[in-house]
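Only one structure is covered here, and it is reproduced in the block below.
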Amino acid sequence: MKKIGLLSDTHGYWDDKYATYFGECDEIWHAGDIGSEEVAERLAAIRPLRAVYGNIDGQNLRLMYPKVAHFQVEEVRVMMTHIGGYPGRYNPEIRAELYATHPRLFISGHSHILKVAFDRDLQCLHINPGAAGKSGFHLQRTLVRFTIDAEKIRDLEVIELGSR
């Protein structure tokens, strides 16, 4: 069983609440637009970090993290990328890869809109954790925590960090 802390779109902004809410997690996942190496390093100092780079991330972060990550946690295959879209409206750049790999969990960021949706066609849960940073149009900064237990994704929590 693994407890996961998920965030996206920090845009270089650090909030000590990340450490508070992710301290009890087994892993932290960042779905891109990290914004600075410092934010990535501080997250990795809390718990092991899995991340993808986003469209605003510079060359150093692009060398540290992939555009698309595929990995398995417990019995759940995961695909994570920054610009992913949503069930029925996936980004054309990743749609073929998504359908070819059939993850059980698809993570993306970019929109700054918190959304959790199940794709019946892919039998895949999609999570966009919204934006944890202050840059953008979102009104509320958010994080997500959940547990992967064997093949189950459960105990999903949305955490509101405060207004942008």
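The values are calculated or read from the model by the stated rules, or taken from the named source; none is laboratory data. Only a predicted model underlies this, so the values are computations on that prediction, with no experimental measurement involved. Cβ placement follows ideal geometry from the backbone for every residue including glycine, while neighbour counts extend to all protein chains displayed. The area values use the complete protein model at the heavy-atom level, side chains included, leaving out ligands, DNA and RNA. Shrake-Rupley method; radii C 1.70, N 1.55, O 1.52, S 1.80 Å.
The table for this structure:
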quantity: Among residues of region 95-111, those that are within 17 Å of H30 (Cβ to Cβ) and either charged (D, E, K, R) or not in a strand (DSSP E or B) (or both), counted; calculated: 4
quantity: Any hit, region 57-72, residues being in contact with an Asp or Glu (Cβ under 9 Å, 6 or more places away or on another chain), over 19 Å from P103 (Cβ atoms) and exposed (fewer than 13 other Cβ atoms within 10 Å of the Cβ); calculated: yes
quantity: Total residues in region 42-65, condition more than 19 Å from H112 (Cβ to Cβ) and of a type in the set (F, W, Y); calculated: 1
quantity: Tally, over region 112-164, of residues that are open to solvent by less than 20 Å² (accessible area, probe 1.4 Å) and either in a loop (DSSP other than H, G, I, E, B) or in contact with an Asp or Glu (Cβ under 9 Å, 6 or more places away or on another chain) (or both); calculated: 16
quantity: Scan of region 13-36 for residues that are closer than 23 Å to G136 by Cβ and either open to solvent by less than 20 Å² (accessible area, probe 1.4 Å) or in contact with a helix residue (DSSP H, G or I) (Cβ under 6 Å, 6 or more places away or on another chain) (or both), ordered by number; calculated: W14, D15, Y18, A19, F22, I28, W29, H30, A31, G32, D33, I34
quantity: The one condition in (1) open to solvent by 50 Å² or more (accessible area, probe 1.4 Å); (2) touching an Asp or Glu at 6+ places or on another chain (Cβ under 9 Å); (3) on the phi > 0 side of the Ramachandran plot that H102 fails to fulfil; calculated: (2)
quantity: Qualifying residue in region 75-83 (condition: within 22 Å of D121 (Cβ to Cβ), open to solvent by 30 Å² or more (accessible area, probe 1.4 Å) and touching an Asp or Glu at 6+ places or on another chain (Cβ under 8 Å)); calculated: yes
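For every residue, the table says whether it meets (1) without any contact (Cβ under 8 Å) to a residue 24 or more places away in the chain; (2) of a type in the set (V, I, T).
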{"site": "E75", "(1), (2)": "no, no"}
{"site": "R95", "(1), (2)": "yes, no"}
{"site": "L98", "(1), (2)": "no, no"}
{"site": "K115", "(1), (2)": "no, no"}
{"site": "L122", "(1), (2)": "no, no"}
{"site": "G130", "(1), (2)": "no, no"}
{"site": "R145", "(1), (2)": "no, no"}
{"site": "I148", "(1), (2)": "no, yes"}
